[in-house]
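**Q** Below you'll find the structure I mean.
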Amino acid sequence: MKLLITGASGFLGGHLLAVARQSYATVGLYLTFPVELPGTTLLPGDLSNPTALQKILDREMPSVIIHNAALANPEICEQMPEHAYQINVTATSAIVDWCQANAARLIYISTDLVFDGRHGNYSEDDAPSPVNVYGRTKAEAEQVVLRRLPNALVCRLALMYGRGFWRRHYASEWLERELWRRSEQPDLPPLLLFTDQWRSMLTVNNATELILELVASSINGILHLGGAERISRYDFGLRLCQKLGIDSACIRGIKTSDAPTAVPRPVDVSLNIQRAARLLKTPLLDIKSGMDCAYSTATNYLK
C-alpha cells in the first residue's frame with residue numbers, strides 16, 4: 001500500500017515518514033526544507049498550487065493520504081488570513097476532491113485550537129468555536145473533509161512536544177532550546193510560562209504511533225489525540241526542567257492577563273481522549289512516560 005504524507009519536512013511529518021517507511025511504500029511532500037530519507041520518495045509540493053498538487057497525486061496514486069501540512073503559525077495566519085485560507089482550506093479541498101475521485105482514504109491532521117478554551121476537556125461531540133484565524137481555517141477544513149468523505153478521519157492533535165526527526169529549528173522545540181540556553185547563560189532573565197493555559201500535551205513520538213495505527217484502521221469521523229494529563233504550560237516547564245536536569249529557577253509562571261498578545265489564544269483546550277483510548281491499542285502517554293520517550297538523553301541535542 002502506498003502512503004503519502006504532506007508536510008514531510010515538518011515536526012510531526014518527519015517522524016511519520018521515518019516510521020511509515022518500515023511498513024508502506026511512502027511518499028512525502030515538502031515545501032521550503034528539502035529532505036531525503038532512504039526507503040522513501042520525497043517531492044516538492046506547494047499547497048498554494050492545488051492543480052500541481054493534484055498532478056502529484058495522479059502520478060503517485062496513494063491509497064492513503066495523511067494531510068499534515070498547514071500554515072500553523074497563528075501570528076502569520078492573523079496577518080495573512082487569505083493566504084491562511086488558501087493553504088489550510090483550499091488545498092485541503094483539492095485533496096478531498098482527489099480522494100473522492102480515486103477512492104483513497106484521508107487522515108486529516110487538525111488541532112485543539114478549533115475550540116475557544118472556555119471549559120476544557122473537549123470531546124469529539126463538542127462544536128468547534130475557534131477564536132483566531134488559524135483555528136477558523138482548520139475548523140472549516142475539517143468540515144470540508146467530513147461533509148464530502150464519509151470514510152475520512154479528522155485527528156485533532158493536542159500541543160506536541162519532543163524533538164524533530166530533521167535537524168532544523170521547530171517551534172515545538174522552543175521550550176527545550178530556551179531552557180538549555182538559560183542553563184548555559186544563567187544571567188538571562190527567567191523564561192515566562194503561563195500558569196493558566198492548559199493543554200493535553202502529547203509527545204510527537206506517541207502521536208506518530210497513534211496516527212500510523214489509524215492508517216491501518218477503518219475508524220472515521222473525528223478522533224482526539226492528546227496526552228493522558230491536563231497540564232499548564234508552566235507545570236510542563238517544571239517537569240521538563242526536572243527531566244533535563246536544569247534548574248527550574250530559569251522559568252517563572254505568569255497569568256495570561258499579564259502578557260496580552262496580538263492574536264487571541266484560548267486558555268484551556270485540553271482534550272477528552274476517552275474515544276481514542278477505547279479504540280486504539282497504542283497507549284496515550286502521560287507526561288512522565290512521554291518525556292521518557294521524547295528525551296531519552298538529557299544532553300543538549302539542539303545545539
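Each reported figure results from applying straightforward, stated rules to the coordinates on display, with no laboratory input. Computed from a predicted structure; not experimentally measured. Virtual Cβ from ideal backbone geometry, glycine too; neighbours counted across all protein chains shown.
**Q** Using alpha-carbon positions, what is the distance between the centroids of the range 1-41 and the range 200-267, in Å?
**A** 24
**Q** Add +1 for every Lys or Arg and -1 for every Asp or Glu among the other residues with Cβ under 13 Å from the Cβ of Ala139, and state the total. Could the numbers behind the result be given before it?
**A** Details: positive: Arg136, Lys138, Arg147, Arg156; negative: Asp112, Asp116, Asp126, Glu140, Glu142.
So the surrounding residues net to -1.
**Q** I've got another one for you. How large are Rg and Dmax for the range 94-206 when calculated on the C-alpha trace, in angstrom?
**A** Answer for the range 94-206, Rg first and Dmax second: 17.9, 59 Å.
**Q** Please enumerate, by chain and number, the lysines with C-alpha under 23 Å from the C-alpha of Lys55, excluding those fewer than 8 residues away in the same chain.
**A** Partners found: Lys2.
**Q** What distance in nm lies between label points placed 7 Å from Cα along the C-beta direction at Thr51 and Gln22?
**A** It is 4.2 nm.
**Q** When the C-alpha atoms of the range 19-65 are aligned to their principal axes, what extent does each axis show, in angstrom, from largest down?
**A** Rounded to whole Å, the extents work out to 30, 25, 13 Å.
**Q** Using per-residue counts of other Cβ atoms within 10 Å, averaged over each peptide, order 148-157, 202-211 from highest down. Don't skip to the answer; put the middle values down first.
**A** On the way: 148-157: 19.7, 202-211: 24.0.
Listed from highest to lowest mean packing, they are 202-211, 148-157.
**Q** If you don't mind, there's one more thing I want to ask. Label-point separation (nm) for Arg181 and Arg252, each offset 7 Å from Cα along Cα-to-Cβ?
**A** Inter-label distance under the simple model: 1.7 nm.
**Q** Using each residue's phi in the range 45-61, evaluate 6.51 cos²θ - 1.76 cosθ + 1.60 at θ = phi - 60° and report the 3J(HN,Hα) Karplus result to the nearest Hz, with x for Gly and Pro.
**A** x, 9, 5, 7, 10, x, 5, 5, 4, 5, 5, 4, 5, 4, 6, 8, 6
**Q** Summing +1 for each Lys or Arg and -1 for each Asp or Glu, what net charge is found among the other residues whose Cβ lies under 13 Å from the Cβ of Leu191? If you can, show how the numbers build up before the last one.
**A** On the way: positive: Arg177, Arg181, Arg182, Arg233, Arg252; negative: Glu176, Glu178, Asp247.
Summing Lys and Arg as +1 and Asp and Glu as -1 gives +2.
**Q** Then there's this: Please identify, among Leu37, Leu238, Leu71, the residue showing maximal mean-square fluctuation in a Gaussian network model of the chain using a 10 angstrom Cα cutoff.
**A** Leu37
**Q** Report the per residue volume, in Å³, of the convex hull enclosing the C-alpha atoms of the range 1-92. All intermediate terms of the calculation are to be shown ahead of the outcome.
**A** On the way: hull volume 7.7 nm³, N = 92.
In the range 1-92, the Cα convex hull volume per residue is 84 Å³.
**Q** Same structure, new question: Once you order the gyration tensor axes a ≥ b ≥ c over the Cα atoms, which shape class does the range 180-271 get: rounded for a/c under 1.5, otherwise prolate or oblate by comparing a/b with b/c?
**A** Values: a/c = 3.06, a/b = 1.67, b/c = 1.83.
Here the range 180-271 falls in the oblate category.
**Q** I need the phi-derived Karplus couplings for the range 96-112: 6.51 cos²θ - 1.76 cosθ + 1.60, θ = phi - 60°, integer Hz, Gly and Pro marked x.
**A** 4, 4, 5, 4, 4, 6, 10, 6, 9, 8, 10, 10, 9, 8, 10, 9, 5
**Q** Right, next: Direction-averaged shadow area of the convex hull around the Cα atoms of the chain, nm²? Before the final figure, lay out each step's value.
**A** Working: hull surface 59.1 nm².
About 14.8 nm², averaged over all directions.
**Q** Kindly write out, for the range 137-146 in residue order, the coupling ³J(HN,Hα) from the Karplus curve 6.51 cos²θ - 1.76 cosθ + 1.60 (θ = phi - 60°), rounded to whole Hz, with x marking Gly and Pro.
**A** So the J values, rounded to whole Hz, are 5, 5, 5, 5, 5, 3, 5, 4, 5, 5.
**Q** Separate question: Name the GluC sites (Glu not before Pro) in the range 30-121 that are in a loop by DSSP and that have at most 16 other C-beta atoms within 10 Å, would you? Please list the in-between numbers first.
**A** On the way: sites: Glu36, Glu60, Glu75, Glu78, Glu82; in loops: Glu36.
When the GluC sites (Glu not before Pro) of the range 30-121 are filtered for loop state and at most 16 Cβ neighbours within 10 Å, Glu36 remain.
**Q** Hey, another quick one. Apply the a/c threshold of 1.5 to the C-alpha gyration tensor of the range 1-158 and tell me whether it is rounded, prolate or oblate.
**A** Details: a/c = 1.60, a/b = 1.51, b/c = 1.06.
It is prolate, given that a/c is not under 1.5 and a/b is the larger ratio.
**Q** I've got another one for you. Under a 5 Å amide H to amide H cut-off, with H placed in plane at 1.01 Å, what residues pair with Val154 once short-range neighbours are removed?
**A** Tyr108, Gly221, Ile222, Leu223
**Q** Once you have a ≥ b ≥ c as the square roots of the Cα gyration tensor eigenvalues for the range 185-227, tell me rounded if a/c is under 1.5, and otherwise prolate or oblate according to whether a/b is larger than b/c. Show your work: numbers first, answer last.
**A** On the way: a/c = 6.90, a/b = 2.53, b/c = 2.72.
The shape class here is oblate.
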